[in-house]
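The next block holds one structure in the form of structure tokens; read it before the comments.
The values are calculated or read from the model by the stated rules, or taken from the named source; none is laboratory data. Please read all numbers here as calculations on a predicted model, not as lab measurements. We place every Cβ from the backbone using ideal geometry, glycine too, and count neighbours over all the protein chains shown. With ligands, DNA and RNA removed, areas are computed over all heavy atoms of the protein, side chains included. Shrake-Rupley method; radii C 1.70, N 1.55, O 1.52, S 1.80 Å.
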Amino acid sequence: MADDATRRAVSQIPLQKTHAGPRDRALWPQRLKEEYQALIHFVEQNKAADNDWFRLESNADGTRWTGTCWFIHELLRYDFRLEFDIPVTYPNTAPEVAIPELDGKTAKMYRGGKICLTDHFAPLWARNAPRFGLAHLMALGLGPWLAVEIPDLISKGHVVHKEQQREAAAVE
């Protein structure tokens, strides 16, 4: 169950009005415009709360998204490249977010670095489709996954800060 701060933040993300996916050539541009507006609103909301943690951009037709996300742990910033494709059944099916550099480092990840969102996020998306969009994917899918998995991966030594990697390389 989400805490009150999460509920409040997510309730401020605009819901999508257009029920269209990439196969719907007539309505997809309108849906894409709504997605961008919601993402911009979410990023501005995060910046205002000093909680900026990702950047996203898409290809020209809005079907392939790439970017970076970061997680601050013990005052160190860990950056990760992320990517996902919009499924043809979108918005009824949520995109599968991948963080390729973490592939194989945790059990809560599928081949190719796709993060596991099936237990907690997928049912939430299914209940709220087609109103949920990419900003909701980031807020309720990727954000909580990073908050749980990254500290665990750091404690196990599977993720090492870039400065610590450089120091280890200099010693050798």
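In summary, residue 77 fulfils each of the numbered conditions (1) touching a Lys or Arg at 6+ places or on another chain (Cβ under 8 Å); (2) under 30 Å from residue 150 (Cα atoms) with the single exception of condition (1).
Of the candidates 62, 21, the single residue that is among the small types (Gly, Ala, Ser), in contact with a helix residue (DSSP H, G or I) (Cβ under 6 Å, 6 or more places away or on another chain) and buried (at least 17 other Cβ atoms within 10 Å of the Cβ) is 62. The residues listed here are 99, 115, 72, 154; of these, the one that is farther than 24 Å from residue 26 by Cα, in contact with a Leu (Cβ under 6 Å, 6 or more places away or on another chain) and of a type in the set (A, V, I, L, M) is 99. Considering 50, 79, 85, the condition of being at pLDDT below 95 and open to solvent by 50 Å² or more (accessible area, probe 1.4 Å) is satisfied by 50 alone. Just to verify a result, which residue in region 114-143, among those that are touching a residue at least 40 places away in the same chain (Cβ under 8 Å) and closer than 17 Å to residue 99 by Cβ, is most open to solvent (accessible area, probe 1.4 Å)? So, considering only residues that are touching a residue at least 40 places away in the same chain (Cβ under 8 Å) and closer than 17 Å to residue 99 by Cβ, the one most open to solvent (accessible area, probe 1.4 Å) is 140. Of the residues screened, residue 156 is one that is exposed (fewer than 14 other Cβ atoms within 10 Å of the Cβ) and more than 15 Å from the chain's Cα centre (by Cα).
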